[in-house]
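Asks: Structure incoming, see below.
The values are calculated or read from the model by the stated rules, or taken from the named source; none is laboratory data. The structure presented is a predicted model; accordingly, all values stated were derived computationally and were not measured. Ideal geometry is used to build each Cβ from the backbone, glycine not excepted, and the neighbour counts take in all protein chains shown. Ligands, DNA and RNA are excluded from the accessible area calculation, which covers all protein heavy atoms including side chains. Shrake-Rupley method; radii C 1.70, N 1.55, O 1.52, S 1.80 Å.
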Amino acid sequence: VPDLVAGARAGEARAVARLISLVEEASPLFREAMALLAPDAGHAFVIGLTGPPGVGKSTITTSLVTAFRARGSRVAVLAVDPSSPFSGGALLGDRVRMQEHATDPGVYIRSMATRGHLGGLAWATAQALRVLDAAHFDVALVETVGVGQSEIEVASTADSVVVLLAPGMGDGIQAAKAGILEIGDVYAVNKADRDGADATVRELRNVLRMGAGAPAAGQPSRWVPPVVKTVASQEGGIIALVEALDGHRAWLTQTGALTARRRGRAAAQIRAVAMAAIGRRLDRLGDATRALADQVAEGSLDPYTAAQELVELV
Ligand SMILES: Nc1nc2c(ncn2[C@@H]2O[C@H](COP(=O)(O)OP(=O)(O)OP(=O)(O)O)[C@@H](O)[C@H]2O)c(=O)[nH]1
Ligand SMILES: [Mg+2]
């Protein structure tokens, strides 16, 4: 493990790949790696991209890689598929333009899935990002498929979240509101070469502005997510998207929101591990639980008191 971490720090793609595989496999070895990786935390600025299947996430991601490479940034791409139990190369492997980046040593591309990982896919993604931090990637792009709950959790591992929509999805905005309008820091209406793009942009802007009232407690200002139009297949609007991302990053840094977000995520990760550990201890208290259950069932004890006794045994 120390050799792998040293290799990752030296930017060796094979070491990075092996460490991320340890995450995917939930290997006990990764625990050792985590301790060694800790000092590198937070190097990469993480951009999450989410949106319905086929909206153009991979195409946008490819264009963003080009744009960030042009600035000299080292860029990593993680394609996370919550619906697939296995990681395969197919997610990105069939993208011709992404393949062009595959030979660039400043770019690392990886698709990822997990097999019933302890802390779930969001946890695994966060750990993979630690590996990318150690390998000194300046930008990490995380693509997830769909806008369901697990995708939202994965997106929440990012510093900036880009939500992609396509024209004609305007009707769905209200319906999908619960999920997508809370997680986006930047919205892109992709496939803007199709009819209805302007209407979708207008509707999105209206809905997002409604959500922008007074700043939340302890927040100096509120971020109103910009909406940009893109035609990813023709590299259209990518400059505007990068500018919107730069704007969000500047806001995050200036207001201290970046630190706050990262602290919040760290707390969530600690809780996830702690909860799992507590769960395992509870599982080991089967006999005590059964004894207490007998008493509760026969009425000599109430469930709250029983639970309290069990908690004290943990
Ligand atoms: N007309 C048009 N087609 C686009 C645009 N952007 C992407 N596409 C096409 O849409 C299709 C899907 O694009 P992807 O980038 O694979 O979409 P995705 O969101 O990554 O798809 P999944 O990962 O399968 O959810 C491809 O055939 C793209 O060429 C666009 O702006 N306009
Ligand atoms: Mg894709």
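Asks: Can you tell which of THR59, ALA128, ILE152 lies farthest toward the positive end of the dipole of the chain, using +1 and -1 charges on the Cβ of basic and acidic side chains (Lys, Arg; Asp, Glu)?
Replies: THR59
Asks: Between ARG271 and LEU313, what length comes free when the chain is fully extended (0.36 nm per residue of separation minus the Cα-Cα distance, one decimal in nm)?
Replies: Numbers: separation 42, 0.36 × 42 = 15.12 nm, distance 1.96 nm.
This chain segment gains 13.2 nm when fully extended.
Asks: If you don't mind, another one. State the extension gain, in nm to one decimal, for the chain segment bounded by SER300 and SER233, taking 0.36 nm per residue of separation less the distance between their alpha-carbons.
Replies: Values: separation 67, 0.36 × 67 = 24.12 nm, distance 6.91 nm.
Separation in residues times 0.36 nm, less the Cα-Cα distance, equals 17.2 nm.
Asks: Quickly rank 182-188, 247-253 as a protection proxy: mean count of other C-beta atoms within 10 Å, highest first. Intermediate results must be reported in sequence, preceding the final value.
Replies: On the way: 182-188: 23.0, 247-253: 16.3.
Put in order of decreasing packing, that is 182-188, 247-253.
Asks: Cα convex hull of the chain: mean projected area in nm², to one decimal?
Replies: On the way: hull surface 77.1 nm².
Spelled out: convex hull of the Cα atoms, projected over all directions, averaged, 19.3 nm².
Asks: Something else about it: Amide H neighbours of ALA140 under 5 Å, counting only residues 5+ apart in sequence or on other chains, H built in-plane at 1.01 Å?
Replies: HN-HN under 5 Å from ALA140: PHE45, VAL46, ILE47, ALA76.
Asks: Specify the residue with the greatest mean-square fluctuation among GLY279, GLY56, GLY236, computed from a Gaussian network of the chain linking alpha-carbon atoms under 10 Å apart.
Replies: Ranking GLY279, GLY56, GLY236 by mean-square fluctuation puts GLY279 first.
Asks: Separate question: According to the Cα gyration tensor, what semi-axes, each the square root of 5 times an eigenvalue, does the equivalent ellipsoid of the stretch 1-88 have, listed from largest to smallest in whole Å?
Replies: Values: eigenvalues 132, 70, 23 Å².
They are 26, 19, 11 Å, listed from largest to smallest.
Asks: Continuing with this model, one more query. Please name which of ILE278, THR230, ALA288 has its Cα lying farthest along the dipole of the stretch 205-314 towards the positive end, using unit charges on Cβ (Lys, Arg +1; Asp, Glu -1) and the Cα centre as origin.
Replies: Working it through, the farthest residue towards the positive pole turns out to be THR230.
Asks: Quick one: dipole size for the chain, taken about the Cα centre, charges +1 on Lys/Arg Cβ and -1 on Asp/Glu Cβ, in debye to the nearest 20. Don't jump to the answer; show the numbers that get you there.
Replies: Values: 31 positive and 33 negative charges, 142 e Å.
That gives a dipole near 680 debye.
Asks: Can you give the angle from 0 to 90° between the axis of helix 303-313 and the longest principal axis of the chain, with both taken from C-alpha atoms, to the nearest 10?
Replies: The two axes meet at around 90 degrees.
Asks: Read phi for every residue in the stretch 24-32 and hand back ³J(HN,Hα) as whole Hz from Karplus 6.51 cos²θ - 1.76 cosθ + 1.60, θ = phi - 60°, with x for Gly and Pro.
Replies: So the Karplus estimates, Gly and Pro as x, are 4, 7, 6, 5, x, 5, 5, 4, 5 Hz.
Asks: A follow-up question, please. Charges on Cβ only, +1 for Lys and Arg, -1 for Asp and Glu, centred on the Cα centroid of the chain; of ILE239, ALA17, TYR108, which one is farthest towards the dipole's positive end?
Replies: ILE239
Asks: How many nm separate the modelled label positions at GLU12 and ARG71, each set 7 Å beyond the Cα in the direction of the Cβ?
Replies: 3.1 nm
Asks: What angle do you read, to the nearest 10 degrees and between 0 and 90, between the alpha-carbon axis of helix 238-255 and the longest principal axis of the chain?
Replies: Around 50 degrees separate the two axes.
Asks: Sticking with this structure for a sec: I need the phi-derived Karplus couplings for the stretch 126-140: 6.51 cos²θ - 1.76 cosθ + 1.60, θ = phi - 60°, integer Hz, Gly and Pro marked x.
Replies: These are the phi-based 3J(HN,Hα) values: 4, 6, 4, 5, 5, 5, 5, 4, 4, 7, 6, 7, 7, 10, 10 Hz.
Asks: Could you work out which residue, out of GLN234, GLN295, GLN127, moves most in a Gaussian network model of the chain, that is, has the largest mean-square fluctuation with Cα springs under 10 Å?
Replies: Looking only at GLN234, GLN295, GLN127, the biggest GNM fluctuation is shown by GLN295.
Asks: Sticking with this structure for a sec: Which whole-number percent gives the relative contact order of the chain, counting Cα pairs below 8 Å spaced six or more residues apart? Intermediate results must be reported in sequence, preceding the final value.
Replies: Values: 494 pairs, mean separation 57.4, N = 314.
18 percent.
Asks: Further question: Please calculate the 1.4 Å probe accessible area of SER150, with all protein chains present, and give it to the nearest 10 Å².
Replies: Rounded to the nearest 10, the figure is 50 Å².
Asks: Over the chain, with a Gaussian network built from C-alpha contacts below 10 Å, which listed residue (VAL296, VAL131, VAL242) shows the highest mean-square fluctuation?
Replies: Maximum fluctuation in the GNM of the chain, among the listed residues, is at VAL296.
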